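Structure first, commentary second.
The values are calculated or read from the model by the stated rules, or taken from the named source; none is laboratory data. These numbers come from a predicted model, not from an experiment. All Cβ positions, even for glycine, are placed from backbone atoms using ideal geometry, and neighbour counts span all protein chains on display.
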Amino acid sequence: MIVSIAGPKGGVGKTVFVANFAVALGKKGYKVIALDLDLGAANLHVLFNAMQAEVSLYSFLDKSVATLAEAAVSTEYPNVFLVSGAGHVPGLANIFYQTKMKLIRHIKKLEYDIILLDLGAGSAYNTLDFYSIGQKKIIVTNPEITSVMNSYSFLKSYVFRKIERYLRENRRFETLTYLSELKNPENTLGLKTVPQIVEYLKTKDSTLGDDFESALNGSGFTVIFNRTKKNEDDKIAKAFCSLVNQYLGVSNYFIVRLPEDENLPVSVAKRKPLIEIDPESPFVAGIEDFVEKFEIT
Ligand SMILES: Nc1ncnc2c1ncn2[C@@H]1O[C@H](COP(=O)(O)OP(=O)(O)OP(=O)(O)O)[C@@H](O)[C@H]1O
Ligand SMILES: [Mg+2]
C-alpha cells in the first residue's frame, strides 16, 4: 500500500512523522519502505543516520541502478528500508514529466507492505502527482493559521488537478475550458465552491454523471495536526475539516493530533527517530495510536 505524506508548509513535521511512523509500522511486523521525495531538500536520511548510503534515489535517476528497488538500503530498524534523497544534485527539484512518470511506475512496482512517500513542501505539480498515487493520503500541518491555510490551498490545487485530469483523459475539452474560467474566484457565474462547480459542469456535460462525486470521495485523507498544545487546537482542526468539506466537497477524512514534544529536536540532533530514544513520549504514543487506527481504516 502506498501512503503519501504531504505538508505544504515547510518544517511542520512531515519527515519526523514519516521516520517514526515507519519504525512503528516495522515493529508491528510490516515490511516498510520510506522514500524521500523531497527532491532538492531531502533529509529523511538524517533521521535514519544513513548519511553515506551506497545507493539513493539519484542512483535510480542517473540510471546507475536499473530499478527503484535497487536504490533501497536497509536501516538500523527491523523491517524498515529507505530510498535516500542524500547527495544534492542541482536542478533536481524540477524533474521532467517523463522522469516523474517513470519514478511513479517504479514506486507502484515496489514489493513492500507499506510504501511511505515523504514529500516536499509547496503545491508544485510534481508534489501533487506524487501525493495522488497514495492509496492513503496524509496531510501534516501545525495548528498555526498559516500552516492550515497552506494545507487548504494544497488540497484545493489537488482537487482541481484531479478534475482537470479527469476531463483531459476523457477528452471533455469543452468542459475543460469552463473549468479554467471557474478557477477564478471572481467568476461571473458566482460559483464559489467545488461542489457548486461540479454541479455546474454536469449541466454543461450531462454524461459526466456521478464520476465527479466518486473522484472527490476518493480524495479522502488523514490530517495530522502536529505540535498541538492546547484544547483550542481541536477547534482549529474541526474548522479546517469542515472548510474542506464545504468548499472542496471532500467529506472523507480523519483527524489525528500529535503533541508538541521537547525531545523531538533532541532525537533529530541524535539522528534517530524519537521512538528509538524515548518510546514512552507523548508524541510516540500518538504515533502508535495512529498505527492502530491506520490498520483498520
Ligand atoms: N511534535 C513536535 N514537537 C516538537 N518539535 C517538533 C515536532 N514536530 C516537529 N518538530 C521539530 O520541527 C523540525 C522540522 O520537522 P521536519 O523536518 O519533520 O519538518 P518537514 O515538514 O519535513 O520540513 P520540510 O518542509 O523542510 O521537509 C524537526 O526537526 C523538529 O525539531
Ligand atoms: Mg521534510
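Just so you know, in the range 99-131 the residues that are touching a residue at least 12 places away in the same chain (Cβ under 8 Å) and charged (D, E, K, R) include one that is surrounded by the most Cβ atoms within 10 Å (Cβ to Cβ), and it is ASP118.
Cβ-Cβ below 6 Å, separation at least six or inter-chain, first residue in the range 18-34 and touching a residue at least 40 places away in the same chain (Cβ under 8 Å) and closer than 15 Å to VAL46 by Cα, second outside any strand (DSSP E or B) and more than 16 Å from ligand 1 (Cβ to nearest atom): which pairs? Final answer for the pair search is VAL23/TYR77. Inspection of the range 143-154 identifies no residue that is under 20 Å from LEU44 (Cα atoms) and modelled with pLDDT of 90 or more.
In the set (1) within 27 Å of ILE224 (Cβ to Cβ); (2) of a type in the set (A, V, I, L, M, F, W, C); (3) surrounded by 19 or more Cβ atoms within 10 Å (Cβ to Cβ); (4) more than 11 Å from ligand 1 (Cβ to nearest atom), ALA19 fails one condition alone, (4).
Being more than 11 Å from ligand 1 (Cβ to nearest atom) and in contact (Cβ under 8 Å) with a residue 40 or more places away in the chain is the requirement here; does SER84 meet it?
Values: more than 11 Å from ligand 1 (Cβ to nearest atom): yes; in contact (Cβ under 8 Å) with a residue 40 or more places away in the chain: yes.
So SER84 passes the test.
Look at (1) of a type in the set (Asp, Glu); (2) part of a loop (DSSP other than H, G, I, E, B); (3) within 16 Å of ligand 2 (Cβ to nearest atom) and you find that ASP36 fails only one, number (2).
Kindly indicate whether LYS27 is away from ligand 1 (no atom under 15 Å from the Cβ), surrounded by fewer than 24 Cβ atoms within 10 Å (Cβ to Cβ), within 25 Å of ARG105 (Cα to Cα) and of a type in the set (D, E, K, R). Break it down stepwise before answering.
On the way: away from ligand 1 (no atom under 15 Å from the Cβ): yes; surrounded by fewer than 24 Cβ atoms within 10 Å (Cβ to Cβ): yes; within 25 Å of ARG105 (Cα to Cα): no; of a type in the set (D, E, K, R): yes.
Criteria not met by LYS27.
Report whether or not ALA50 is over 21 Å from the mean Cα position of the chain (by Cα), of a type outside the set (Lys, Arg), within 16 Å of ligand 1 (Cβ to nearest atom) and assigned by TED's automatic domain parsing to the domain that holds LYS136. Yes: the conditions hold for ALA50.
Can you tell me how many residues within the range 247-297 are assigned to a helix (DSSP H, G or I) and not small (Gly, Ala, Ser)? Quick ask: steps written out before the conclusion?
Going residue by residue through the range 247-297, those that are assigned to a helix (DSSP H, G or I) are 247-248, 263-269, 274-277, 282-296.
Subsequent filtering for residues that are not small (Gly, Ala, Ser) retains 247-248, 263-266, 268, 274-277, 282-284, 287-296.
Going through the range 247-297 one residue at a time, the tally reaches 24.
For LEU61, the test of being within 16 Å of ligand 1 (Cβ to nearest atom) and over 26 Å from ASP261 (Cβ atoms) is failed.
Scanning the range 40-69 for residues that are touching a strand residue (DSSP E or B) at 6+ places or on another chain (Cβ under 9 Å), in a loop (DSSP other than H, G, I, E, B) and either within 15 Å of ligand 2 (Cβ to nearest atom) or among the small types (Gly, Ala, Ser) (or both) gives ALA42, ASN43, PHE48, ALA50, ALA53, SER56. Count of the range 1-31 residues, restricted to those that are assigned to a strand (DSSP E or B) and under 13 Å from GLU76 (Cα atoms), is 0. So, of the residues in the range 98-124 that are among the hydroxyl-bearing types (Ser, Thr, Tyr) and at pLDDT below 95, which turns out to be nearest to VAL140 (Cα to Cα)? Step by step, filter the range 98-124, then rank; the result is SER123.
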